[in-house]
Each structure stands twice: as structure tokens, then as C-alpha cells.
1. Kindly indicate whether ALA211 is among the small types (Gly, Ala, Ser), out of contact with any helix residue (DSSP H, G or I) (no Cβ under 6 Å at 6 or more places or on another chain) and either under 23 Å from LEU97 (Cα atoms) or surrounded by fewer than 23 Cβ atoms within 10 Å (Cβ to Cβ) (or both).
2. For LEU301, work out the one condition from (1) at pLDDT 95 or above; (2) within 27 Å of the chain's Cα centre (by Cα) it doesn't fulfil.
3. Residues being part of a helix (DSSP H, G or I) and surrounded by 15 or more Cβ atoms within 10 Å (Cβ to Cβ): count how many of those fall in region 121-156.
4. Please specify each residue of region 48-89 satisfying the condition of being among the aliphatic types (A, V, I, L, M) and either free of Cβ contacts under 8 Å to residues at least 60 places away in the same chain or not assigned by TED's automatic domain parsing to the domain that holds CYS137 (or both).
5. Taking the conditions exactly as written (in contact with a Cys (Cβ under 9 Å, 6 or more places away or on another chain) and β-branched (Val, Ile, Thr)), does THR479 satisfy them or not?
6. ASP297 is checked against (1) in contact with a strand residue (DSSP E or B) (Cβ under 8 Å, 6 or more places away or on another chain); (2) closer than 27 Å to ARG643 by Cα; (3) among the acidic types (Asp, Glu) and fails just one. What number does that condition carry?
7. Which of the following residues is within 25 Å of GLU422 (Cα to Cα) and in contact (Cβ under 8 Å) with a residue 12 or more places away in the chain: LEU242, LEU188, LEU146?
Amino acid sequence: MSAEASTSSGMARGRRGHRRDVLRLRQLGRAAVFGSADRSHRLPDAIEHVAQVHRRHHPRADLGILRRAYLLAESAHRGQFRKSGEPYITHPLAVTLILAELGAETTTLTASLLHDTVEDTEVTLDQVRADFGEEVCHLVDGVTKLEKVDYGAAAEPETFRKMLVATGSDVRVMSIKLADRLHNMRTLGVMRPEKQARIARVTGDVLIPLAERLGVQAVKTELEDLVFAILQPEEHARARELILEHGREPEPLAEVAEAVRGVLREAGISAEVLIRPRHVLSVHRARLKRGSLGPCDYGRLLILVAEDADCYAALGELHTCFSPIVSEFKDFIAAPKFNLYQSLHTAVADESGRVAEILVRTHRMHRVAETGVVALGDPHRSAEGEAAGEEGERADPTRPGWLSRLLEWQRQATDPDTFWTELRDELARDREITVFAAAPEEGPLQLPAGATCVDAAYARHGEAAHACIGARVNGRLATLRTVLRDGDTLQLLLAPDGSSGPSPEWLGYAITPAARIPIRRWLDSGGAGEAGPGAEPGAEAAQAPEHPPSPVARERQRTSPREAGVVVAGAPGAPVRLARCCTPVPPDRALGFLVRGGTVTVHRESCQAALRMAAAGRRALEVGWTSGLVGCRVTLHAEALGRPELLADLTEALAAEGAAVLRAAVEPPRQQRVRHTYTLRLADASELPRVMRAMRRVPGVYDVSRAVRPPSS
């Protein structure tokens, strides 16, 4: 069996039968505890199966380092048990087995065996470095969590930040993390339901998009099904029942597959034709999209060939001998997805009218499509010679644009909450575009689909984009809110003296954190700007402005005290601006900070921006509300799993609570999740918690939060 086929079948086994996985891990656990005492030369019994799987992908692999890593991990974790009661060593063994099935190389498996030792035992990074080398140490350090004792509530977002930074230099860090989360999700049933839901939400918001972006489809699809089962158990059960009902009948795609084999055989094209069943969430999505599923909708045909040219030859035969569904054709070989995915997609109808979706790819494309960055192995290997791998491929392609952007903007997001929010928003955008500069020497920009001229300005110029006053798109003048398309040519127009600055509306135009973070910082500082990424937080001047506030700013200053009833001690009569980063409303505990022009910016007491300014020595002014019965305007985000009638149900819930909807927006679904944004006016600010609880009670809604930035215009 080929390495590609064994990878696919291995992961399919994981998806089909968790019971067999549990049984196998229990056997490994017993072997880990009661295995052979002769450990001087041969592999311990517990890791023998991992070694067999690894050798299928890497026949010449040196297993000695795996033996040493296992012995250290087993000794370090001895006496520790998982919540299921199994010896803890079964977890690193299971994670390593997942990676071995995906075809990971030996260094990754070594680090996987050790990935929890530094976090949970007396083993130190220095010991790992001394015994296994710098690469293994870097990988183990990359996936080691930060302590809650030291970081408190910021531990989770800061741990992800640490892992992503480490991934920037070695993608194997995230490979181990994905396998770790997959095994934890498989065994999540021993946790309390509320903890299961929390872990599932983070998995859906962060880990699944990362698996998609890194091309590890075999892990992504199983994670999707596991998250689906926890967050939408009834819909999951319905989709499972549909799959079981379908399985009781003969597979209708079998006849189509045999006809395709005959066509390709007559054309002299050597190919494997396989039936690829849809996973549970895919069936659910197909049912929502089509209303009902036909007999051929439960799977697709996968055609594997040797060379790129064979893909197009096979496609030509299919479109000649069957009736092609033209609207279903996509060429991801000539234009690969940004996660390395390559394939031809098409759909054809046979003489009986049965429509089959078909994927055509080479064996190499299939391996990369299933395992993504895991297939790339060591990113530090040379592109030449034996170290480059058996196929002579370059192991580490140019760092993907999305990862470079993420590593850049996270440096500006010093606040963990801002980083966590922006990371989820960034990962929700699953397509990229390329925008070219009018001046060729500037080079192209890689941006997420939906990016505007504002996003491009900050991607190109950083904080100097504050001075952007317009743009030309494909030679024509365009507004800064213009959404860019793949292949557009862009010329950005900047004020020569830097006297211009962003307006609040820019936050509605920008979708990238690289643009939103500096815009928000500029606005919160009263337009003073900062000296650059290294400027001290909260170091903005509080003296009179060199330029008067804009009309928009003056109107906002004039109306905010009237609407919110703010009283600022120590600055009577001063213009007041409610901070857009935390949207304070009565009866929030709030603080005011004097910014340029004598304006007081009011933040919630717990706002990270307020804490940073106070830590920097800025004087905090006491803020009170004139009455607890003060009307307010507030923006809420409702995170939900997409379903019909969701918008109507949410609107009805708001109306029942007496909330006036001033504005509503629904973002396009991302992996079956949607975000609804509502700007509301409440007659009494104290009603806000009750309104948020009512929204959370709507079926499908799993989180409601106050907006940390204004809604899109």
C-alpha cells in the first residue's frame, strides 16, 4: 500500500471507530505499565505499533531516538493518570500515533512523545535540549502551555500566541498541537458538559481554521465532526442517522465508479478510482444547502493519477464520455488554494441521470491535501539532495501570507483580549487574494478575501497609512472602503505632510487586524498617534491639539454626555467620548482619561486600554452616571451555528425585551458558524444583561458579547 493510501485509510479508521482506538490505547497503556523489562536494545512493546506505522512512511527511519524519547516520557509520567483513569502515557502515545499515520518524520514524533513532559513533569527544557537536540527542544517548548498561576485569564490566548510565533519558524509545532487537540477531543466525554462546550468552541474558532490553513484535512474533518457532535448534538444525530440509512442500501456511486474506470482504462490512463464518503458535518451542510439528499450525495469519486498532465487527460475523458455539470468545475491545480491544496473538481451525469461529484489529483497532491504541512516534514532541510525527501520536493515553501500577516499584527496586539478577538476574526476568513502595486518594485500584497483599500494601506505602509487619503484601483479613483478583488492593481494616495488621519468610519471599512489595531489605537489616543511599535502605551500628549477635532469628532463629543449621562469628577464641562474599544454603559464601573484637546475618554474599569494607561502613569478620573435609569446605545455580537430562521428568532427575542434595533448585520457563514451584529437602543441600561441572556437562549446561539469595535457601515 502506498504512503498516501495508508495515510487516508489510517485517518478514516480513526473517524469510523473510536472504540477501536480506545481499545488499542488501553492495550498500549497496559504495555506501557507492564511491558517487557528488557529495555536495553529493542523497542518497548507500547511503542512498537507506532514504529510499524512510521516505517510504512519512512522505511529507513532511525527508531533509536523514538525509543529514548518514549522511555523518558514513560518514566516522567509514571504515576500520572488521565480523567478516564488510563495511564497518562497513553495520551502522548496516541498523539504520536496520529502523527505517524499522517506521515510525520522522526523528529516530530520524538517531540510528540515528549510534548507534555516539560509542562506536567520534572523534565526541563535544558534536559530535552541536552538529550535530543535543539530542534526537538524548540518543538516541545512551542506546544508547552503557559501557567495560569503566572498569566491568569490571559494564559490561553498567550499560549496560542506563543505557539503561533513558534510555528512561524517551524510548522511542526502546530502539527503536534493539532494532533494533541484531536486526541483530547476524541476523549472529551469524561469532562463536564460546560467544559466540553468551551473546548469545542475554541477548537471550532481557532484549531479547525488553523488545520484548514495548514492543509491538514484529515485532522480538520474529524475535528469538525467532534465539535459538531458537542455543539449541535441533535443535528449531528440526524446527519448520522441519514448516513446509516444510506449505508443500508447498495452504494449507487459504485456503478458510476466502475463506468469511470472503464472510460479511463480505454483511454490508456492509469488511475485509481475510489469512493470517498462525506463526513458527518459535510452531510449536514449538504442537506442544508440542497434541502434533501439524493442517493449519490453521500460521497464523491476520487481519481488518483501519476502526473499533473494525467489529471487534465482524465478530466477530458470524463467531460467527453459523460455530461459535465459546468458550474461545478474548478481548477485548483493551475490556481492552488492558499493552504497548498491542489485538485480538479467537477461533476458529471451518467446515462441514468445520476450526478456524481469528482475530484481528480495526483498521488502527491492527495498526500498534501490530506496531511498538508505534516507532509512537508522538516522546514530546515535543503531543497537539494537526499535531505529534501524521496521526491526531491522543497520541504518549506515560502511562508504563507496569512501566517506572515498574523505574526506581524500580533506584535501590536499587546492586550491578550485584543489578540484573542482579532485572531478569531482573522482565522474566520478562509480565502486570500493577490493585489498588485501600480509601482512593480513594491511587489504584490497577499490579503484575505473581502479586504478593502484601508486594509491594503496598512499592509503596505504600517502606521504611515494613517495619512492615506484615497486610492486608484485599476487606474480609477476609488474610495477607501472599496473591496479589492483578486488581481486588482492598486495605487495608494498618501497626504505628503502626514497631516491627515483615520476617521472612526475606517474601523467599519477594515477587516484585518493589521489595520484595525493601529486605527483603534490612533482614535483612542485622540488622534495623537504614536511614535511607532515601540512607543510606550498611554504616552499620548494631553495638551491642546495642533489641529482642531473633525466635525464627526465634535458631534460625537457633543452628543455622548447627553445620551449616556456621564459625570467626570475633576473635569466638569469637559467633552466626553465613550471609548469604542469597550463601549461602557450604565451601570459599568468606568474611568476617564484626559486626551488631547481636553476631551475625556471613558473606559470600562476592566478595559485593557484603561489598565495600560493607568500603568503608564496616566491620571485616571472617576466617572459616574447621572442615573441608573439612563438610556444607552450598545452593539452586541451573537455567535451562532447557522440554521434557517435564526435571524428572525434573534430579532423576535430582542423585540420581546423591548430593545430597539438600530442596525443589524450578518456576516457570511464560516464553517457553519455565523456572527450577527446588532446595534441596540435600550431605554434603561440595566436591561442589558437581561437582553444578552435572552439572545443566548435562542437555539443555536452559543455566545453573546459586547462589541469591541463598531459594526461595519
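The values are calculated or read from the model by the stated rules, or taken from the named source; none is laboratory data. The model shown is predicted, which means the values in this text are computed figures rather than measured ones. Neighbour counts are summed over all protein chains in view; Cβ atoms, including those assigned to glycine, are modelled from backbone coordinates with ideal geometry.
1. For ALA211, the condition - among the small types (Gly, Ala, Ser), out of contact with any helix residue (DSSP H, G or I) (no Cβ under 6 Å at 6 or more places or on another chain) and either under 23 Å from LEU97 (Cα atoms) or surrounded by fewer than 23 Cβ atoms within 10 Å (Cβ to Cβ) (or both) - is not met.
2. (2)
3. Residues that pass the stated criteria total 18.
4. Hits for region 48-89 are VAL50, ALA51, VAL53, ALA61, LEU63, LEU66, LEU71, LEU72, ALA73, ALA76.
5. Criteria met by THR479.
6. Unmet condition: (1).
7. Of LEU242, LEU188, LEU146, the one residue that is within 25 Å of GLU422 (Cα to Cα) and in contact (Cβ under 8 Å) with a residue 12 or more places away in the chain is LEU146.
Rundown of residues vs (1) under 23 Å from VAL216 (Cβ atoms); (2) part of a loop (DSSP other than H, G, I, E, B), yes/no style:
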{"residue": "ALA69", "(1), (2)": "yes, no"}
{"residue": "GLY79", "(1), (2)": "no, yes"}
{"residue": "HIS91", "(1), (2)": "yes, no"}
{"residue": "ILE98", "(1), (2)": "yes, no"}
{"residue": "ALA104", "(1), (2)": "yes, yes"}
{"residue": "SER112", "(1), (2)": "yes, no"}
{"residue": "GLU119", "(1), (2)": "yes, no"}
